[in-house]
């Protein structure tokens with residue numbers, strides 16, 4: 001089974017935070033093999049964080065090494081673009097042939113989150129994140145696993 005990781009999971013891995021064992025346990029519980037995908041959008045987000053937080057050489061080197069462990073999915077396929085549009089329309093409650101379930105209200109998603117979700121959807125992978133804002137997509141586009149980051 002393949003996994004797509006959200007940028008927040010990447011940050012936990014980079015920091016070797018106390019959440020890492022939970023991430024590893026979740027991977028194991030969901031049968032994740034060595035195929036871990038990363039949207040190119042996550043690289044943009046993490047590079048921005050590195051600049052904003054003025055990462056030193058040691059942390060920049062660690063980041064570059066960590067990024068080499070993942071299969072990076074670029075935004076260049078029409079399938080990915082179409083899935084982005086479908087997820088955005090669904091989240092807004094405006095997808096005619098796939099309406100939101102009764103009782104679920106429309107929601108605005110961050111555009112980067114939509115790209116990451118679309119990556120998971122087209123790659124038929126499990127999406128791992130600490131962000132609960134992706135819960136409504138579970139079972140509709142991919143299997144979603146929320147990692148609790150409270151310590």
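Of everything in the stretch 1-19 that is assigned to a helix (DSSP H, G or I) and crowded, with 16+ Cβ neighbours inside 10 Å, the residue that is farthest from the chain's Cα centre (by Cα) is 14. Scanning the stretch 67-107 for residues that are out of contact with any strand residue (DSSP E or B) (no Cβ under 7 Å at 6 or more places or on another chain) and crowded, with 16+ Cβ neighbours inside 10 Å turns up 67, 80, 83, 84, 86, 87, 88, 90, 91, 95, 100. Filtering the stretch 20-48 to residues that are touching a residue at least 24 places away in the same chain (Cβ under 8 Å) and part of a loop (DSSP other than H, G, I, E, B) leaves 30, 31, 32, 33, 35. The single condition from (1) under 21 Å from residue 21 (Cα atoms); (2) out of contact with any helix residue (DSSP H, G or I) (no Cβ under 8 Å at 6 or more places or on another chain); (3) exposed (fewer than 12 other Cβ atoms within 10 Å of the Cβ) that residue 64 fails is (1).
We did not get these values from a lab; they are worked out from the coordinates using the rules stated. It should be emphasised that the depicted structure is a prediction, and the values quoted were computed from it without experimental measurement. All Cβ positions, glycine included, derive from the backbone under ideal geometry; neighbour counts span all protein chains shown.
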